[in-house]
Structures are given as C-alpha cells and as structure tokens.
Amino acid sequence: GSGRKAARAKGFSSGMAGYGVAEETPAQDMELLARLPEPIVAALDEECTPTPEQVAQFAKDGHIIMRSILPPPLLEVMREAIAEHTYRRNPRTTPLAERNTYDRAFIQVGGMWAHGGLARAFTFSKRLASCAARLMGSPGALLHHDQALFKEAEGGFTPWHCAPPPGLCSPLRS
C-alpha cells in the first residue's frame, strides 16, 4: 500500500502493511513508558549512524556489538515489557518435570511484534532499522522474524544443536 511505499521512500520498511497488526499499546506497556522522560522514549524514532569503523567491522565479521545504541533506562523498560510479553504468551503450560528435554531448555516466543505495544515499537524502531540498514550498506532492512528465548529457573540445560546463522535482517534491494 501507500504506507509501505512511504516507508521505503524513507529508506526503512517495517513490512507490517496489510498484516492486521494491533495498533493498541497494552496498559502494562503504557505504565512502563510513563516512568521515562520523553527524550528517552524518542530515541526509538531517531536514526542511528554507525561509524565507518563499525561498518567495516560488520562487513568483515558479519556481526558486531554496538553498545549505547539505546539509552539504558529505555532498555530496562523494554526488557520488562518483552519479559512480560514472553511469559504471557508462553506456549508451554505443562509443569517442568513433565516436559521433554527441548521444552525444558527455554521458553521460545516468536512474532512478538504482531501483538503491538512496546515489543512492536522496539522491533520496528527507526533507530534499530537505520542501524541495521547502514551496517549492511543498504537503503533499508527487512526483518525475517523476531523471537524471545528465556531460560526458566531449574529448566535444565540447552541440548547441543546447530542453530542456523542469525540471518534476521536482509538488505532491502528494490
């Protein structure tokens, strides 16, 4: 639609047009946001410009750790909101003792952005999208999926496995 075209014109695509994403922000998220000064919340809507050294390191290694992209108080609120979201949508309701090894290893919740609120705001923030796009040398970035993995107390070990590479972002080529 025209919203997607406008997002691409700005260089960033949320990929949400036409997916019936909930626009409301849950009351719990609003309570968390109310604790923060507006300039901290506004950081999600600011663009990120990695240094040439960071872009070069990402190109060389395929990954990078970038500290202080978002203000620590905002990250703390996001951590609380995403944890609450994850536990609320936890698909595993069987007691730990009755689960198999894989299901004891961790709670896994995907598609968090589709439920709106702070998870959606965080996932599709201009700050994170612009950072990903610029690191990849692309006019934008498309998110393939999002997920939260949480270890439960006494949940057991994570079995050996070979996870696919973290191809969570792809350059936007259009």
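Any idea of the accessible area per residue across the range 54-104, 1.4 Å probe, to the nearest Å²? Spell out each step's value before the answer.
Details: 3380 Å² over 51 residues.
Per residue, the range 54-104 has an accessible area of 66 Å².
When only DSSP loop residues count, what GluC sites (Glu not before Pro) in the range 98-156 have their Cβ near at most 13 other Cβ atoms within 10 Å? Mind dumping the intermediate values first?
Values: sites: GLU98, GLU152, GLU154; in loops: GLU152, GLU154.
Here the sparse-neighbourhood loop sites are GLU154.
If we restrict to alpha carbons, what Rg and Dmax does the range 24-174 come to, in Å?
Expressed in Å, the Cα Rg and Dmax of the range 24-174 come to 17.3, 51.
How large is ³J(HN,Hα) for each residue in the range 63-77, as worked out from phi by the Karplus curve 6.51 cos²θ - 1.76 cosθ + 1.60 (θ = phi - 60°), to whole Hz, x for Gly and Pro?
Each residue of the range 63-77 in turn: 7, 7, 9, 10, 7, 6, 5, 10, x, x, x, 5, 4, 5, 5 Hz.
Quick one: which residues, 5+ away or cross-chain, put their amide H under 5 Å from the amide H of LEU142? H built at 1.01 Å from N.
HN-HN under 5 Å from LEU142: SER170, LEU172.
Put a dot 7 Å past each Cα toward the Cβ at GLU98 and THR49; how far apart are the dots in nm?
5.7 nm
Label points 7 Å out from Cα along the Cβ direction at ALA114 and ALA34: separation in nm?
3.1 nm
Mind listing which trypsin sites (Lys or Arg not before Pro) in the range 43-92 are in a DSSP loop and have 12 or fewer other Cβ atoms within 10 Å?
On the way: sites: LYS60, ARG67, ARG79, ARG88, ARG89, ARG92; in loops: ARG67, ARG89, ARG92.
Those that pass, being in a loop and sparsely packed, are ARG67.
The values are calculated or read from the model by the stated rules, or taken from the named source; none is laboratory data. Keep in mind the model is a prediction, meaning the values are calculated, not measured. Here the Cβ is made from the backbone with ideal geometry for all residues, glycine too, and neighbour counts use every protein chain on show. Remember, those area values only see protein heavy atoms, side chains included, never the ligands or the DNA or RNA. Shrake-Rupley method; radii C 1.70, N 1.55, O 1.52, S 1.80 Å.
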